[in-house]
1. Output the residue which, of all residues in segment 3-48 that are at pLDDT below 90 and buried (at least 17 other Cβ atoms within 10 Å of the Cβ), is nearest to Asp71 (Cα to Cα).
2. Would you tally the residues in segment 12-30 being of a type outside the set (A, V, I, L, M), in contact with a strand residue (DSSP E or B) (Cβ under 7 Å, 6 or more places away or on another chain) and outside any loop (DSSP other than H, G, I, E, B)?
3. Need the failing condition index for Arg34 against (1) in contact (Cβ under 8 Å) with a residue 12 or more places away in the chain; (2) touching a strand residue (DSSP E or B) at 6+ places or on another chain (Cβ under 6 Å), just the number.
4. Return the residues of segment 49-74 that are loosely packed, with under 10 Cβ neighbours inside 10 Å, more than 19 Å from Arg12 (Cα to Cα) and modelled with pLDDT under 85; say none if nothing qualifies.
5. Which residues, counting only those in segment 7-66, are among the polar types (S, T, N, Q) and within 16 Å of Ile79 (Cα to Cα)?
Amino acid sequence: MKQEDRKYVKERLEDLSEAPTNNPDTDTIEIRGRTVFKYVMKEGSKGGKDYRAVFDIINSQIRITAIFHRDQGYDKQLISKRL
């Protein structure tokens, strides 16, 4: 990941920490029968920044399971190993 993209993702994740489940860019997904959260980080049109974060909330803390570019898709098997 490019340095500018790392900075962008870090800033967006900091925004997420304020209201993780009440964010318009947050949704739920099912992974191996478990519901976790998906956070969409998108800026610009085609060719712009388009990242995803999968996270869970444990003991009132956000636990990031995966961060990836949308082009990589959701490797649910890999993500489920981290849950």
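1. My answer is Ile31.
2. Residues flagged as of a type outside the set (A, V, I, L, M), in contact with a strand residue (DSSP E or B) (Cβ under 7 Å, 6 or more places away or on another chain) and outside any loop (DSSP other than H, G, I, E, B) within segment 12-30 amount to 4.
3. Result: Arg34 passes all but (2).
4. Correct list: Gly73 only.
5. Thr28, Thr35, Thr65
The values are calculated or read from the model by the stated rules, or taken from the named source; none is laboratory data. Every value quoted in this text rests on a predicted model; they were computed, and no experiment measured them. As a convention, Cβ positions derive from the backbone with ideal geometry for all residues, glycine included, and neighbour counts pool all protein chains shown.
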